[in-house]
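The values are calculated or read from the model by the stated rules, or taken from the named source; none is laboratory data. As the structure is a computational prediction, the values presented were derived from the model and not from experiment. Here the Cβ positions follow ideal geometry from the backbone for every residue, glycine too, while neighbour counts run over all protein chains shown.
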Amino acid sequence: MKWEEFIEITGKLPVINTDLFSAGEINLRPLKVQISRWQKQGKIVQLKRGIYVLAEPYKKQNIYEPYLAAILKSPSYISLEKALEYHGLIPEGVNVYTSVTTKRPGKYATKLGIFDYRHIKASLFWGYQSITINKQTAFMALPEKALLDFFYLKKIKISLDYLDAMRLQNLTNINLKQLLAFAKRFEKPRILRIAKILKKYIESEKTGEKAL
């Protein structure tokens, strides 16, 4: 396949998956050799095996990074710090896109960002929403689930001092009833205790009365 033909097929795609060609009449073996050459020439960028993006100036589509997080490992949804940033719950910008997945954990350090995946059992894979930008669909934890995932996966011992250090903000974005309902779905006494402490802390911050 010539470069011009490849661009004609892939130019408007945000991400190139070589599986795209497996259903057609294209012989994949020589195509993979050609893709390797184009990569060395700097025309395409490999994100992981079989997943590529066009390099500048060839790409015609901007990439929505949360969409890329969903593509690199599926099923997955963004959670923990990156989801807290997305919902405006923490003031800091987060460089790493941390997702949870029912598959093996792993990390991809790419030119488009760092994508970290934490394993979670299938019974806890819920509490997220789909977000579509420029026809690119990503999956993001709801704010309540992002908080619970954070304490569950990091095994952090919660305290009021720790919550102060997190500098949580925009607490009206958190539905306290949903927070407790989600915590009960974990079926983990520790997570329910954490949710109750979070609830008490959030209520105190809203009223201006410091929790004890």
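Looking only at region 158-186, which residues are among the charged types (D, E, K, R) and either within 14 Å of residue 90 (Cα to Cα) or in contact (Cβ under 8 Å) with a residue 12 or more places away in the chain (or both)? Full working, then the answer.
To start, the set of residues in region 158-186 that are among the charged types (D, E, K, R) comprises 161, 164, 167, 177, 184-185.
Correct list: 164, 167, 185.
State which residue is surrounded by the fewest Cβ atoms within 10 Å (Cβ to Cβ) when the search covers only region 89-132 and only residues that are assigned to a strand (DSSP E or B) and among the basic types (Lys, Arg). Once the filter is applied, the top-ranked residue is 107.
Looking at residue 17, is it closer than 18 Å to residue 133 by Cβ, surrounded by fewer than 17 Cβ atoms within 10 Å (Cβ to Cβ) and modelled with pLDDT under 90? Taking the combined requirement at face value, the residue does not satisfy it. Each residue in region 133-167 was checked for being part of a helix (DSSP H, G or I) and among the basic types (Lys, Arg), and 2 of them qualify.
The set of residues in region 101-129 being touching a helix residue (DSSP H, G or I) at 6+ places or on another chain (Cβ under 8 Å), within 27 Å of residue 54 (Cα to Cα) and either of a type in the set (A, V, I, L, M) or not assigned by TED's automatic domain parsing to the domain that holds residue 140 (or both) consists of 112 alone.
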